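Only the coordinates and a few stated rules stand behind these numbers; no lab work does. Everything numeric in this text was worked out from a predicted model, so none of it was measured. Counting neighbours? That spans all protein chains shown, and the Cβs are built from the backbone with ideal geometry, glycine included.
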Amino acid sequence: MMEKMEFQAESKRLLEMMVNSIYSQKEVFLRELISNASDAIDKIYYKALTDENLVFEKDQYYIKVVPNKENRTLKLIDTGIGMTKEELENNLGIIAKSGSLAFKKENQSKDGHDIIGQFGVGFYAAFMVADVVTVETKALGSEEAYRWQSEGADGYTIDTCQKETVGTEITLQLKDNQEEESYDDYLDEYQVKTIIKKYSDFIRYPIKMDITSSRPKEDSETEFAEYTEEQIINSMVPIWRKNKSELTDEDYANFYGEKHYGFDKPLKHIHVSVDGTIRYNAILFIPEKMPFDYYSKEFEKGLELYSNGVLIMDKCADLLPDHFSFVKGMVDSEDLSLNISREILQQDRQLKLIAKNICKKIKSELKSLLKNDREKYDAFYQSFGRQLKFGVYNEFGAEKDTLKDLLMFHSSKEKKLVTLDEYISKMPEDQKFIYYATGDSIDRIDKLPQTELVADKGYEILYFTEDIDEFAIKMLMTYEEKEFKSLSSGDLGLESEEEKKKAEEETSEEEKVVFTAMKEVLSGKVKDVRASKRLKSHPVCLTSDGEVTIEMEKVLSMMPE
Ligand code: ADP
Ligand code: MG
């Protein structure tokens, strides 16, 4: 008979492996412990929803973090639900057992979706920085308090202890500094505060610390004294969960500054709350100015990604297409499937969906900016128009189609930036093409011999002064069925077939001899020499007949092989 066996795991090794391999940064242990504390408070909150004898008074609940340099300890105190002896054994004694996940499942009907825990491993992150972890806890409704203690690999002990109040107090005995690794940051008020701000700013309960600062003594301007006061470190209510109608432009601008999205002011903010198949909140910003490193290798595109108010990723690049790489901001969703380290995503279906929605939203907001606030759109375009052109060049299908409506070029007639739509709408009836001229600057283009004739016809010319311009337009080929025509192409389409024939006939024998001679002299450099009808005050001009214009050739020849 076949015998069914269970796998045995070497828990000592597993713990070591896990602790040291799943997290890329040690500091996240603090995020994990604070998340647990927040879950523990949440559990009281959810219990109170159905338990008449339990009243949840929000201001009684908090998390407190206490670094102590002398003892080399870091304490985390919470007023959450606590743990019974059995819960200590189950939740902290069994790796990958999550009391929080179980709680969520039991309470599904009561929307416990704010609870963060699910994998049952976060707690052990403490062992990345601590030699000894002590947990003293008293469960809600219990008379006894217990102390759980562990040095990591060797298992744990449980004992009764003295604790008056319900909740949990975790003490980390920090590791001694090693040559390559110092743990002193976790004892330093300022550093601890910074880490809390970074990952746990939007935990819904106050995270407190005693902060010591030096201030002038009363009645004295020269003598200083140290004051210690308890401060709340986190902002608690994330701005993205607030009601849009309660928020002012200034609130958004402050958030932009606090988050260090840029040193400038945001040109526009976009606040999205979606409650559909996938739920998420996002606050996006279009910056006013191009970041100084925008076109350098150092620049990384991406949005901050939060899961339930806890920071998961600093710069999630997958959330933004390259042509919107200038957008700053954050996304928070409770529907993401995270992997065990809560760093990378398990599967990216939800993320793709969010990215798609966000991209659509940015496009529609830019369109409305173009329509309703031209001055602002011009400012935006000065900074990031180039990126949109890259988008038109790189993207396909519908994406290219929407982006093309956002393009603007300098117009010979309007002497300002115009959209392709504006160009088309002002075309005289007999004009067949959208004319553009390429050059280093508007001045240079104005001096081109070709410009004169088209302008004389009363046609508008778009000035292409950036190297990407013509490449992008070539990818479009047409706009509203009108073809683009470079002023440097051989046939400008200004004359009818008859007119062309006539010009050919009018070329005298004498001229033909001269052209043949010129062609010989310039052999290999030009394809043909012809008489032209288009010149007025200039004696000659260069044109090209192929797909690649003279200006494009210039750009291409400058590119590395
Ligand atoms: P997770 O949070 O993913 O469930 P953890 O390893 O972080 O996994 O925690 C394991 C379990 O231990 C939690 O699910 C919870 O039941 C319990 N726990 C951890 N910290 C606390 C705390 N401060 N108060 C109450 N219970 C806690
Ligand atoms: Mg946890």
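Treating only the Cβ atoms of Lys and Arg (+1) and Asp and Glu (-1) as charged, compute the dipole magnitude of the chain about its Cα centre; round to the nearest 20 debye. Before the final figure, lay out the partial values.
Details: 78 positive and 110 negative charges, 232 e Å.
Dipole magnitude for the chain comes out near 1120 debye.
How tilted is helix 28-50 with respect to the longest principal axis of the chain? Cα atoms for both, answer in degrees (0 to 90, nearest 10).
70
Where in the stretch 50-69 is the amide nitrogen less than 20 Å from a point lying 7 Å along the Cα-to-Cβ axis of residue 132?
Once the point is set 7 Å along Cα→Cβ of residue 132, 66-69 turn out to lie under 20 Å by backbone N, inside the stretch 50-69.
Which is farthest toward the positive dipole end of the stretch 358-469 among 362, 390, 437, measuring Cα position about the Cα centre, with Cβ charges +1 (Lys, Arg) and -1 (Asp, Glu)?
So the residue we want is 362.
Run the simple label-point estimate for residue 253 and residue 443 please: 7 Å along Cα→C-beta, distance reported in nm.
In this crude label model, residue 253 to residue 443 measures out at 3.6 nm.
Taking the Cβ of residue 519 as the centre, find all other residues whose Cβ is under 11 Å away and add up their charges (Lys, Arg: +1; Asp, Glu: -1). Kindly include the intermediate steps, with their values, before the conclusion.
Working: positive: 512, 525, 527, 530; negative: 520, 528.
Here the count lands on +2.
Give the value in nm², to one decimal: projected area of the alpha carbon convex hull of the stretch 213-278, averaged over all directions. Can you show the working numbers first?
Details: hull surface 32.4 nm².
Approximately 8.1 nm², given one-decimal rounding.
Could you give the angle, 0 to 90 degrees to the nearest 10, between helix 509-521's Cα long axis and the longest principal axis of the Cα atoms of the chain?
Once rounded, one gets 40 degrees.
Which number comes out as Rg/Rh for the chain once both Rg and the Kirkwood Rh are worked out on C-alpha atoms? Before the final figure, lay out each step's value.
Numbers: Rg = 33.8 Å, Rh = 29.0 Å.
Ratio value, two decimals: 1.16.
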